[in-house]
Every structure is written in structure tokens, then in C-alpha cells.
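Only one structure is covered here, and it is reproduced in the block below.
The values are calculated or read from the model by the stated rules, or taken from the named source; none is laboratory data. Every value quoted in this text rests on a predicted model; they were computed, and no experiment measured them. Backbone-built Cβ (ideal geometry, glycine too); neighbour counts: all protein chains shown. Just the protein is used for accessible areas: all its heavy atoms, side chains included, with ligands, DNA and RNA removed. Shrake-Rupley method; radii C 1.70, N 1.55, O 1.52, S 1.80 Å.
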Amino acid sequence: MNKTKTTIASLIAAATLLVGCGGLTTGVGTGTTQAGDASATGSIIGGILGAITNGEGLGNAISSVIGLDKLSKRTIIGTWSYQGPGCAFTSENALAKAGGEVTATQIEEKLQPQYDHLGFNRQNTYITFAEDGTFSAKINSKSWSGKWTLDEKTGALNLKGLLLSVNGYAKRNGLSGISVLFESKKLLQLFQVMAALSGNQAIETVGEISKNYDGVRLGFDLGK
């Protein structure tokens, strides 16, 4: 069974499990009715099944989980330029795969005005991964270079520079793009060191957004 069929089967199984769990917990000390809970559960499952039976929806669900749609070292080589905020989750829970992309998109929409305020664009923010294991980048026009390593199994990406080293993740973004993502504290550190923006209100907002989501990784969507 290929990955797509396996993912669909897993999501359907998880949706079925959700029905069962909802039936066991409805109306226990809450004052709610089984009919009302069943309706809510059915609505949730309907959304999940609607997403996974749509090819684009399934692709989006897969792309919202780090490590599911893997990159290779060969694939990542080249120059990648800023396209917008990036977001993905570390959880591989089946329901997170189905619903995560909706949440990831919402987070990216909240981040977009903050990134715009910080001044990120295609001309001043990009990274080049070279075959010899070195990288050169500009983050909001501030230069950064060093050595890179990628764990193809997990997507873990290490960027080691002279003044700043950061552990993050690289993942596919659509058919031809990638995302470079970090734990929120590492991303804020990168912003502060590379662009000297400590105390900037937009940076503080990025930090506040990330606190509301468990297992979220934030960064950049990049394309060639």
C-alpha cells in the first residue's frame, strides 16, 4: 500500500475512533445531550473526510506534519528565496495530519503582517545550500554563512555559523518549494541576532503566537 493510501486509511480509522470516543464521553456530567455531541462529532469527521478525499486537501494535510513528506540532501541543494511565513507541526497524530494544515494556514496568516512589518522579502531573505556542505544566507539583508547538515529520516536541519548556530527542520512545501522551520525560541533568537531587532514589537508578537500551539515550528516558506 502506498503512502497516500496508507494515510487515507489511517485518517479514516482515526475518524472512526473519534466517533467511538465521542459516544463513550457524551453527556457525562456536562449537561449536554448525546444528540448534540453526535452532531458536533459528525461535523468534525465530515470535515476530515472531506479533506482527505480531496487530492489537494490530502496534500495539504501531509505537508503540515514535519518528517512525513521527506526531503533528501540532493533535493535541498540550490538557492531558495523567501515566499512567506512557514509553519508545521511535529505531531504525527492522524487527526493532526488532517486538521493541522487548516491551523498551520491560520498561523501563517497571523504571522504574515508581522513578517511584512519586519521587512522580509524575496530579495533580502534567501539561503543557498551547496553540495560541499556549506550554506550562505541573508536574513532581512543580514549575511549568515556556515555549514549545514540534514537528517533525511527526520528532516532535522542544523545550520552552524561562526556567530550563530541553529537547529531546525526542513520539509517539502508543495510540489516545488521547501520550508525551513525552527522551534519558536530559536526563530526569535535568529531574528534578534541577524537583524538586531531585540525588543521589536513584531518579534514579540511572533513569540506570543507560537505560545498558543503545541508542537508548532515556525520559519520560512521558500522557493526557487
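On a full-extension model of 0.36 nm per residue, what is the gain between N124 and N200, subtracting their alpha-carbon distance, rounded to one decimal in nm?
Working: separation 76, 0.36 × 76 = 27.36 nm, distance 1.87 nm.
Full extension of this stretch gives 25.5 nm more.
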Revision key, fill the gap. Heavy-atom accessible area of E208, protein chains in place, probe 1.4 angstrom, given in Å² to nearest 10, is 100 Å²
Exercise for review: Under 1.5 on a/c is rounded, so check that first for the range 145-211, then, if it is not, pick prolate when a/b is larger than b/c and oblate when it is not; a ≥ b ≥ c are the square roots of the alpha carbon gyration tensor eigenvalues.
Suggested key: oblate
Exercise for review: Mind grabbing the accessible area of R122 for me, 1.4 Å probe, Å², rounded to tens?
Suggested key: 90 Å²
Review point. Pairs K70/K211; K185/K211; K70/K138; K70/K224: which are spaced more than 20 Å apart, C-alpha to C-alpha?
Key: K70/K211; K70/K138
Review point. Got a number for the accessible area of I178? Probe 1.4 Å, square angstrom, nearest 10.
Key: 0 Å²
**Study point:** Inter-probe distance in nm under a simple model that places probes 7 Å from Cα toward Cβ, at T75 and S165
**Key:** 2.7 nm
Study note, to complete from the structure: Order by accessible surface, 1.4 Å probe, largest leading, for residues D221, D151 comes to D151, D221
